[in-house]
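This report refers to the structure that appears directly beneath it.
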There are 2 protein chains.
Amino acid sequence: MSKILREHIEKIISLTDEEFEFVLSHFSQKRFLKHQFLIQEGDFVNNDFFILNGLLKASHRNEENKEHILQFATENSWITDPQAYNNQTIATLNIQCLEDGNSLFITLENREKLCNSLHKMESFFRKKATKEHILLQRRILCLISNNAKNRYEDLLKQYPSLIQRVPKTMIASYLGVSRETLSRLITN
Amino acid sequence: MSKILREHIEKIISLTDEEFEFVLSHFSQKRFLKHQFLIQEGDFVNNDFFILNGLLKASHRNEENKEHILQFATENSWITDPQAYNNQTIATLNIQCLEDGNSLFITLENREKLCNSLHKMESFFRKKATKEHILLQRRILCLISNNAKNRYEDLLKQYPSLIQRVPKTMIASYLGVSRETLSRLITN
């Protein structure tokens with residue numbers, strides 16, 4: 001299954017077999033089950049998860065216990081509470097599994113070691129962060145311009161199978177729209 | 001004025017005098033005037049601007065010509081059209097100066113050269129991107145949870161002087177709220 005990680009990294013940089021073995025030695029494997037929490041609000045967050053298969057959501061619960069979904073993650077994507085992971089503070093997000101699956105995870109300490117010892121991997125993580133920046137900024141633009149249609153289309157583009165895999169209420173929560181608005185978007 | 005850039009970089013990594021001279025040799029200086037566009041929709045985007053002083057906004061105009069402000073930039077911050085800059089496509093954003101000021105800018109080619117030749121700078125840009133990721137994700141969460149009060153407070157924290165420097169309509173556009181909602185936020 002480590003092949004999936006290698007292909008993912010090699011979309012951005014190339015690695016020799018030896019280098020990839022070195023990269024892989026910084027990761028550990030974790031299997032997860034539907035309903036399980038990988039990170040729970042209040043936890044100390046030590047890991048960033050690369051998803052090999054399965055489906056997860058990162059969400060926040062406000063004071064009225066209403067859930068807002070910040071991110072979905074499927075195969076070939078990363079998920080953590082970035083603020084808690086990078087600043088080594090406690091989680092404000094919940095990361096919960098919506099389907100059984102497998103992941104490779106890296107601790108912050110190991111990520112920093114890897115970046116220090118292999119310049120190429122620092123480059124990989126920089127370029128990955130830049131790509132994510134572009135996606136997040138586009139999502140913000142769709143949110144402030146109140147363009148739910150574009151947000152929905154972007155979501156479909158990013159995760160084509162999502163609409164079949166999660167309840168509509170979760171899609172609505174991710175988009176920041178009501179269940180009724182989502183129904184209109186799906187019909188049109 | 002290059003001292004401002006050095007202090008900004010050295011918040012994340014440390015550089016010798018020689019290394020900083022090398023870094024600086026990859027930048028050029030640009031003075032800008034109020035109302036001037038640094039980037040206009042449709043332009044080819046070659047530069048990322050580090051602002052030494054002054055104030056700018058990055059915004060998008062939709063099909064109905066309504067402006068949505070994605071970002072403000074003051075001293076010690078960076079501004080460009082990230083999608084156009086990183087993917088070398090044409091701009092979909094406008095970057096306009098709201099006050100006279102000065103910047104140091106770096107071309108994509110020079111940024112990549114700098115990252116390749118000085119591992120520390122690759123590390124700087126990776127860590128800077130990670131910090132931005134956290135801020136953008138927080139803004140998304142405030143937007144989907146419809147928490148205009150938190151969005152307003154985050155903006156004040158990030159740019160304490162902004163409220164005195166730009167018209168209220170621009171603040172409202174950045175927050176994605178009406179002028180009336182903003183008035184309520186300011187009063188409370």
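Tabulated results
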item: Single residue of region B:137-149 satisfying the filter (more than 9 Å from every other protein chain (Cβ to nearest Cβ) and open to solvent by less than 30 Å² (accessible area, probe 1.4 Å)) that is modelled with the highest pLDDT; result: B:C142
item: Residue among A:Y174, A:Y159, A:Y152 that alone is at the interface with another protein chain (Cβ under 10 Å from one of its Cβ atoms) and surrounded by 16 or more Cβ atoms within 10 Å (Cβ to Cβ); result: A:Y174
item: Selection from region A:80-110 of residues that are among the charged types (D, E, K, R) and open to solvent by less than 20 Å² (accessible area, probe 1.4 Å); result: A:D81
item: Residue list for region B:7-33, filter: under 22 Å from B:Q158 (Cα atoms) and loosely packed, with under 14 Cβ neighbours inside 10 Å; result: B:E7, B:E10, B:K11
item: Single residue of region A:40-56 satisfying the filter (open to solvent by 10 Å² or more (accessible area, probe 1.4 Å) and of a type outside the set (F, W, Y)) that is nearest to A:R165 (Cα to Cα); result: A:N53
item: Hits in region A:20-53 - residues which are of a type outside the set (S, T, N, Q) and either without any contact (Cβ under 8 Å) to a residue 40 or more places away in the chain or within 13 Å of A:S2 (Cβ to Cβ) (or both); result: A:F20, A:E21, A:F22, A:V23, A:L24, A:H26, A:F27, A:F50, A:L52
item: Residue within region A:164-171 that is facing chain B (nearest Cβ under 10 Å), without any contact (Cβ under 8 Å) to a residue 40 or more places away in the chain and in a helix (DSSP H, G or I) present; result: no
item: Residue under evaluation B:I106, criteria (1) touching a residue at least 60 places away in the same chain (Cβ under 8 Å); (2) under 15 Å from B:Q158 (Cβ atoms); (3) β-branched (V, I, T), criterion not met; result: (2)
item: Elements of type strands (runs of 3 or more DSSP E) contained in region B:1-94, each with 1 or more residues being modelled with pLDDT under 95; result: B:47-61, B:67-73
item: Failed item in (1) assigned to a helix (DSSP H, G or I); (2) modelled with pLDDT under 90, with A:A129 passing the rest; result: (2)
item: Verdict on A:L185 being hydrophobic (A, V, I, L, M, F, W, C), open to solvent by 20 Å² or more (accessible area, probe 1.4 Å) and in a strand (DSSP E or B); result: no
item: Any hit, region A:71-79, residues being over 19 Å from B:T130 (Cβ atoms), within 13 Å of chain B (Cβ to nearest Cβ) and open to solvent by 10 Å² or more (accessible area, probe 1.4 Å); result: no
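This table checks each residue for (1) under 13 Å from the mean Cα position of the chain (by Cα); (2) more than 11 Å from chain A (Cβ to nearest Cβ).
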{"position": "B:D48", "(1), (2)": "yes, no"}
{"position": "B:H68", "(1), (2)": "no, no"}
{"position": "B:L104", "(1), (2)": "yes, yes"}
{"position": "B:E112", "(1), (2)": "no, no"}
{"position": "B:S123", "(1), (2)": "no, no"}
{"position": "B:E132", "(1), (2)": "yes, no"}
{"position": "B:L135", "(1), (2)": "yes, no"}
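The values are calculated or read from the model by the stated rules, or taken from the named source; none is laboratory data. What you see is a predicted model; the values in this text were computed from it and never measured. With ideal geometry, Cβ positions are generated from the backbone for all residues, glycine too; neighbour counts draw on all protein chains shown. The accessibility values were calculated without ligands, DNA or RNA, using every heavy atom of the protein model including side chains. Shrake-Rupley method; radii C 1.70, N 1.55, O 1.52, S 1.80 Å.
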